[in-house]
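Read through the structure below, which is laid out as structure tokens, and then see the notes.
Laboratory data are not the source of any read-out in this text; all were calculated from the coordinates shown. Just so we're clear, the structure is a prediction, and the values are computed from it rather than from any experiment. Please note: Cβ atoms are built from the backbone with ideal geometry, for glycine as well, and neighbour counts cover all protein chains shown.
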Amino acid sequence: MGHIVTGRVSNICVRVVQRESLLGGMMMKRVLDFLRKEDGTETVEWAIIIGIIAVGAIALVASIGAWVLAKFEALDSAIQAS
């Protein structure tokens with residue numbers, strides 16, 4: 001009886017390993033297909049464009065913030081002087 005249970009467990013383990021290697025192989029195939037296709041380059045281009053826009057927006061907000069801060073400090077100084 002112990003050999004039957006051990007045999008079943010080993011069969012289950014073999015099936016799990018085969019399934020995982022099959023899934024891993026399928027995943028690798030999908031990654032390679034994605035890298036080979038031209039559609040992936042368009043995705044990368046859009047990601048770069050969005051990144052540039054985000055960096056520009058952050059720089060714009062930072063510069064406007066510095067300008068507003070300078071105006072408020074000038075206003076504060078004018079109020080304290082009078």
Between F72 and I50, what is the FRET efficiency for a Förster distance of 41 Å, r being their Cβ-Cβ separation, to the nearest 0.05? 0.80
In region 38-82, how does Rg compare with the Kirkwood Rh, expressed as the Rg/Rh ratio over alpha carbon atoms? 1.48
Theoretical gain in end-to-end length, M26 to I64 [0.36 nm per residue, Cα-Cα removed]: 8.7 nm
What is the spin-label model distance, in nm, from R36 to I79 if the labels are put 7 Å beyond Cα along the C-beta direction? 6.8 nm
